[in-house]
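Step one of this worksheet: look at the structure below.
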Amino acid sequence: MAPMKAPGLDGITAGVLRKAFGVIGTPLTSVLREFLRRSVFPDCWKTAEVVVISKGQDRDPSLPKSYRPVRLLSAPSKVLERLRVDRLE
């Protein structure tokens with residue numbers, strides 16, 4: 001995950017997780033392992049903020065097709081998703 005990408009609703013970026021891993025790594029890993037063991041994905045991590053961004057300055061700003069939606073998801077949810085994918089592969 002790119003450390004400077006926009007955070008989800010919880011405000012946690014990948015960069016924050018990386019910087020704090022020395023302190024939160026063990027408890028976070030325990031929680032994520034328990035989620036995997038129980039096949040749980042927290043509802044709050046399923047919620048995304050959707051923002052609309054321009055496709056570029058060369059597009060007509062009055063047209064809806066000049067924009068695209070982007071979902072901002074929680075960084076911890078992305079970590080859990082990655083762990084689930086890794087286990088399936």
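The values are calculated or read from the model by the stated rules, or taken from the named source; none is laboratory data. These numbers come from a predicted model, not from an experiment. Positions of Cβ are backbone-derived with ideal geometry, glycine not excepted, and every protein chain shown enters the neighbour counts.
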Which of the residues spanning region 17-46 are under 14 Å from SER77 (Cβ atoms) and among the aliphatic types (A, V, I, L, M)? LEU17, LEU28, VAL31, LEU32, LEU36, VAL40
Expected single match for of a type outside the set (S, T, N, Q) and modelled with pLDDT of 95 or more among ARG18, ARG82, ARG87, ARG59 is ARG59
Looking at LYS78, is it surrounded by fewer than 14 Cβ atoms within 10 Å (Cβ to Cβ) and among the basic types (Lys, Arg)? no
Where in the chain are there helices (runs of 4 or more DSSP H), lying fully within it, with 2 or more residues that are touching a residue at least 40 places away in the same chain (Cβ under 8 Å)? 14-38, 75-88
